[in-house]
Amino acid sequence: MFQSTRLKLTAWYLCIIMLISIVFSVTIYRIVDSEIQRYVHRIEHQRHDPFDSPPPLVTIQDLQESDQRLLITLLGINIGILVLSGAAGYFLAGRTLRPIKDMMDEQNRFITDASHELRTPLTSLKSEIEVYMRGNHHTANEADTLLKSNLEEVNNLQVLSDNLIQLAQSQKPNGNHIFTDVSLVTVIQTAAKKLNIAAKQKSITIESEIKDYSLYGDKESLIQLFSILLDNAIKYSPLKSKIKTTAKNIDHTVLITVVDQGIGIEKKDIPHIFDRFYRADTSRTKQVTSGYGLGLSIAKKIVNMHNGIITVKSEPGKGTTFTIHLPSKQGDA
Ligand code: ADP
């Protein structure tokens, strides 16, 4: 598909260049030829009246040979242009189509990954219902268990579809994002409030040591960013632990950290945790989470959208620190 489109585009480039070149050559040939013919007529005229003017410097044969040479030269130039522009057009067509091809490959990968993730809860739902239907006499208890399990799978599907929508939205270059001055404290407090119940369930306290810096960004996206980080911190932390958020302003950059005392991330997983659908495949994380590996890739896209940087430091068994560098509102020191 890529190759045939590249060839078609090359053919279009060639058509345009050759059309220009041929029109140009024909025009030059016509002009020069009409001058030659004029000169030929003058020489013929002088032949009939040799005393009227001095003898011509060139003969009619010379002129006709020049005419032929011009024709051959123009033909040669056009063949040269055809070959050169064919090669250059093929190269340029490749470069023009490369970003489109990369985007399509990325989209196909995304669809494959998403379908793969969707298949697991759907297969589980289907097989549970099929097994139930095969039995004849069902007790109310069995029906109850089935419905509970089905509801769990439906919830998983809902989480996945919400994540996919959030990821798609964070990938839109300027979609639905309103950039204004945003208070960092408001953002962190709103995110922490959203996760209050989850934190309480594990008796985790979220401490915040933040001066109110002003950021220039999309408030909803920033709340989502810190919700993802706090949600992970809660998910991967033991009961009764602490999560701390801090912020400082250095050279027009606000450095925000989210520190937890959780299970940490293995060194080998750190380069991949921001990849879409990546989950650290350890028995430790499996015990505590039912995530889809989309949170941090959404977080990274939000940080990128704000021209920021997100980094992570972690020690297995001790905890994890995510640091976000965001440009502060202009004018803030
Ligand atoms: P998930 O939904 O699986 O949490 P994320 O993209 O948010 O997906 O995170 C990717 C992986 O990074 C997780 O599966 C987990 O292994 C690791 N991770 C993220 N945050 C933390 C954290 N605070 N502590 C330990 N591991 C983490």
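Taking Cβ atoms as reference points and 14 Å as the exclusive limit, the residues near Leu122 contribute a net charge of -3, counting Lys and Arg as +1 and Asp and Glu as -1. A Förster radius of 22 Å, combined with the Cβ-Cβ distance separating Ser34 from Arg69, puts the computed FRET efficiency at roughly 0.85. Take each peptide in 147-154, 135-142, count the other Cβ atoms within 10 Å of every residue, and average; sorted highest first, the result is 147-154, 135-142.
Per DSSP H run of at least 4 residues, take -39500 (n - 2.57); add these up for the chain, divide by its residues and hand me the 222 nm value, nearest 500 deg cm²/dmol. Counting only the DSSP helices, I get -22000 deg cm²/dmol. Pairs exceeding 28 Å between alpha-carbon atoms, taken from Lys126/Lys301; Lys219/Lys244; Lys240/Lys267: Lys126/Lys301. Each principal axis of the Cα cloud of the chain was taken in turn, and the coordinate range along them, longest first, works out to 123, 69, 35 Å.
Charged neighbours of Lys313, selected by a Cβ distance under 12 Å, balance to 0 (K, R count +1; D, E count -1). Helix 184-194 axis versus longest C-alpha principal axis of the chain: approximately 60°, rounded to the nearest ten. Set against the 2.2 N^0.38 Å expectation for a compact globular protein, the stretch 102-165 has a Cα radius of gyration ratio of 1.49. Find the relative contact order for the chain and round it to a whole percent, using C-alpha pairs within less than 8 Å whose residues are 6+ positions apart. Worked out over the chain, it gives 14 percent. Between Thr311 and Lys240, the simple label model (points 7 Å from Cα in the Cβ direction) yields a spacing of 3.5 nm.
For Glu207, what charge total do you get from the other residues with a beta carbon under 14 Å from its beta carbon, if Lys and Arg give +1 and Asp and Glu give -1? My count for the surroundings of Glu207 gives +1.
Put simply, the Cα atoms of the stretch 1-154 extend 129, 21, 18 Å along their principal axes, the longest span coming first. Once the Cβ-Cβ distance of Lys318 and Thr96 is raised to the sixth power relative to R0 = 51 Å, the FRET efficiency obtained is 0.55.
Were the residues from Asp162 through Asp275 laid out at 0.36 nm apart, the gain over their Cα-Cα distance would be 38.9 nm. What is the distance, in nm, between label points placed 7 Å from the Cα along the Cα-to-Cβ direction at His252 and at Ile60? Distance between the two pseudo-spin positions: 8.0 nm.
Which residue fluctuates the most in the chain, going by a Gaussian network model with Cα springs under 10 Å, if the choices are Leu97, Leu63, Leu294? Looking only at Leu97, Leu63, Leu294, the largest GNM fluctuation is found for Leu63. Of the peptides 251-263, 120-132, the order by per-residue mean of other Cβ atoms within 10 Å, starting with the highest, comes out as 251-263, 120-132.
Values quoted throughout were computed directly from the atomic coordinates according to the rules given, and no laboratory measurement underlies them. The shown structure was predicted, so the numbers you read here are calculated from the model rather than taken from an experiment. Every residue, glycine as well, gets a Cβ built from its backbone with ideal geometry; the counts of neighbours run over all protein chains shown.
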